[in-house]
1. How about segment 98-111: which of its residues are within 13 Å of the chain's Cα centre (by Cα) and within 24 Å of ARG170 (Cα to Cα)?
2. Starting from segment 111-123, take each residue that is among the charged types (D, E, K, R) and list its partners that are surrounded by fewer than 20 Cβ atoms within 10 Å (Cβ to Cβ), counting only C-beta distances under 9 angstrom and pairs at least six apart or across chains.
3. Only one of ASN103, ASN114, ASN164 is in a strand (DSSP E or B) and either within 26 Å of LEU24 (Cα to Cα) or open to solvent by 80 Å² or more (accessible area, probe 1.4 Å) (or both); which?
4. With (1) part of a helix (DSSP H, G or I); (2) within 24 Å of SER3 (Cα to Cα); (3) open to solvent by less than 30 Å² (accessible area, probe 1.4 Å) as the list, and ILE138 as the residue in question, which single condition is left unmet?
5. Just checking, how many residues over segment 141-151 are crowded, with 18+ Cβ neighbours inside 10 Å and outside any loop (DSSP other than H, G, I, E, B)?
6. Taking the options ALA13, ALA70, name whichever one is open to solvent by 20 Å² or more (accessible area, probe 1.4 Å) and either touching a Lys or Arg at 6+ places or on another chain (Cβ under 8 Å) or hydrophobic (A, V, I, L, M, F, W, C) (or both).
7. Give me a count of the residues in segment 73-85 that are within 18 Å of ILE4 (Cα to Cα) and open to solvent by 40 Å² or more (accessible area, probe 1.4 Å).
8. Hey, among the residues in segment 42-66 that are in contact with a Lys or Arg (Cβ under 8 Å, 6 or more places away or on another chain) and either in a helix (DSSP H, G or I) or of a type in the set (D, E, K, R) (or both), which one's surrounded by the most Cβ atoms within 10 Å (Cβ to Cβ)?
Amino acid sequence: MASIIKATKEDLALIADIGKRTFLASHGHSAPPEDITRYVEEKFSEETLRTELSDTNNIFHLIYHDQRPAGYSKIILNASHPAIQLKNVTKLERLYLLQDFYNLKLGYGLYQFNVDLSRKSNQAGMWLFVWKENHRAIDFYMRAGFEPIGSYDFQISPAHANPNHHMFLRY
């Protein structure tokens, strides 16, 4: 049984753990190990996540399966992007699911929860970046109706960037 709850500052350590584990699983081989380690330690530190959770523009949710934490999401409402002419669009910044929970449709459930929240908030669509080598995620987003609309270089370190698709779903 799955449940989705809004994350709070009390969930900080859990979000940090899930973030580190899922990023390493999907991107751990995308750059030199020292760059990946530095990125993960910085971006998923409790200090960084405390700042993100304190920002009222960021909306975090946790998904549980049989009362076990399975993943989390982060969206930002009204996150304009120069390549999207519409106003009131949502950025899906993170949709992270631990590998133990793949194939249970939990990722889709968490994704759909965020789309519903975005629509209820009078948003016109949702956009995201996805690493061009993350074929599993690209397939997921394409099946969900997203379309590539550009490219973006995602900085892992000053010396390394991963090429990303910029994708958009219009409601």
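1. GLY107, TYR108, LEU110, TYR111, listed by residue number.
2. The qualifying pairs are ARG119/TYR171.
3. On inspection, the qualifying residue turns out to be ASN164.
4. Going through (1) part of a helix (DSSP H, G or I); (2) within 24 Å of SER3 (Cα to Cα); (3) open to solvent by less than 30 Å² (accessible area, probe 1.4 Å) one by one, ILE138 breaks only (2).
5. Of the residues in segment 141-151, 1 are crowded, with 18+ Cβ neighbours inside 10 Å and outside any loop (DSSP other than H, G, I, E, B).
6. Of the residues listed, the single one that is open to solvent by 20 Å² or more (accessible area, probe 1.4 Å) and either touching a Lys or Arg at 6+ places or on another chain (Cβ under 8 Å) or hydrophobic (A, V, I, L, M, F, W, C) (or both) is ALA13.
7. Qualifying residue count for the region: 0.
8. LEU53
The values are calculated or read from the model by the stated rules, or taken from the named source; none is laboratory data. Bear in mind that the values here come from a model prediction, so they are computed numbers and not experimental data. Here Cβ is always computed from backbone atoms with ideal geometry, including for glycine, and neighbour counts include all displayed protein chains. All accessible areas refer to the heavy atoms of the entire protein, side chains included, with ligands and DNA or RNA removed. Shrake-Rupley method; radii C 1.70, N 1.55, O 1.52, S 1.80 Å.
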